[in-house]
Every structure is written in structure tokens, then in C-alpha cells.
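The values are calculated or read from the model by the stated rules, or taken from the named source; none is laboratory data. All values reported here derive from a predicted model rather than from experimental measurement. Counting neighbours? That spans all protein chains shown, and the Cβs are built from the backbone with ideal geometry, glycine included. Accessible surface is based on the protein model in full, side chains and every heavy atom, while ligands, DNA and RNA are left aside. Shrake-Rupley method; radii C 1.70, N 1.55, O 1.52, S 1.80 Å.
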Amino acid sequence: MSRSISLGRPWLDITLRSSLAIVGGYALTYCFTAALARLLPLDRFDATLVASLVSFIIYLAFILWVFATHSLRRVATSLLVIPPLALIGFWPQLLERLG
């Protein structure tokens, strides 16, 4: 069983969940969209369009999950997916700046 981070202060729980949902959800969605646009076997424009449309669903699902789940620790550890997604999505731009 996972325990929720509850310190007896409901405003702290709401603040943590809101910041995780807004900031963490934005970062996750941004990196996921870049990685998906890079990995889709479509033309560049079509891949960007499809990834952008999917990003709305991903962001909404993440926000709903943050407020529906019992464990904030699980939400925080799920954000460890961001660096690999960022590497997939932004690797060519990093190579251009370094080279």
C-alpha cells in the first residue's frame, strides 16, 4: 500500500498537487510532444500536427491523474520520464548547438 503525503494541512496537499499538475504536466507534455513528433513515421508537418493534438489529451490525463491518485510520491517519480523524452525530442537541436 502506498501512503499519501498528508501533513494534516489540506492547503499544502492542494498546493503540491496543483504545482505538480501545472508545472510537471507542462514539462511532461512538452517533452512527450517533441519526442512523439520526432518518432512518428510521417512528414514533418503531419507529425508535428498529430503530436500537438495528442498533447492536449496527455496534459489533461496527467492533470486528472495527479488529483485522482492517492500517492504524490508516485506522481513525482513518474516525472523521471521527462529527461529521456527530452533527449529523444531535442537531440538534433543539441547536436547542432554543440557542433
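Grab the other residues whose beta carbon is less than 14 angstrom from that of Val50, score K and R as +1, D and E as -1, and report the net.
Working: positive: Arg38, Arg44; negative: Asp43, Asp46.
Residues near Val50 contribute 0 overall.
When the dipole is taken about the Cα centre of the chain, and only Lys, Arg (+1) and Asp, Glu (-1) are charged at their Cβ, what size is it in debye, to the nearest 20?
For this selection, approximately 400 debye.
Got a sec? Charge dipole of the chain, +1 on Cβ for Lys and Arg, -1 for Asp and Glu; which of Phe90, His70, Ile22 is way out at the positive end?
Sorting the options by dipole projection puts first His70.
I'd like the chymotrypsin sites (Phe, Trp or Tyr not before Pro) in the stretch 60-99 restricted to DSSP loop residues with at most 12 other Cβ atoms within 10 Å, sorted by number.
For chymotrypsin sites (Phe, Trp or Tyr not before Pro) across the stretch 60-99 that sit outside H, G, I, E and B with at most 12 neighbouring Cβ atoms in 10 Å, the list is empty.
How much of the accessible area of the chain, probe 1.4 Å, is carbon plus sulfur, in whole percent? Working shown, then result.
Working: 5080 of 7150 Å².
The value for the chain is 71 percent carbon and sulfur by accessible area.
Let me check I've understood the local charge: for Phe62, count other residues with C-beta under 13 angstrom from its C-beta, Lys and Arg +1, Asp and Glu -1. What total comes out?
So the surrounding residues net to +2.
Rounding to the nearest 10 and keeping the result within 0 to 90°, find how far the Cα-based axis of helix 25-39 lies from the longest principal axis of the chain.
Orientation of helix 25-39: about 30 degrees from the principal axis.
Which label marks the calculated value of Rg and Dmax of the Cα atoms in Å, given the options (1) 12.9, 40; (2) 16.1, 52; (3) 12.3, 37?
Checking each listed value against the structure points to (2).
So if we plug the beta-carbon distance of Leu64 and Leu98 into 1/(1 + (r/R0)^6) with R0 = 25 Å, what FRET efficiency do we get, rounded to 0.05?
Working: r = 38 Å, r/R0 = 1.53.
That gives a FRET efficiency of 0.05.
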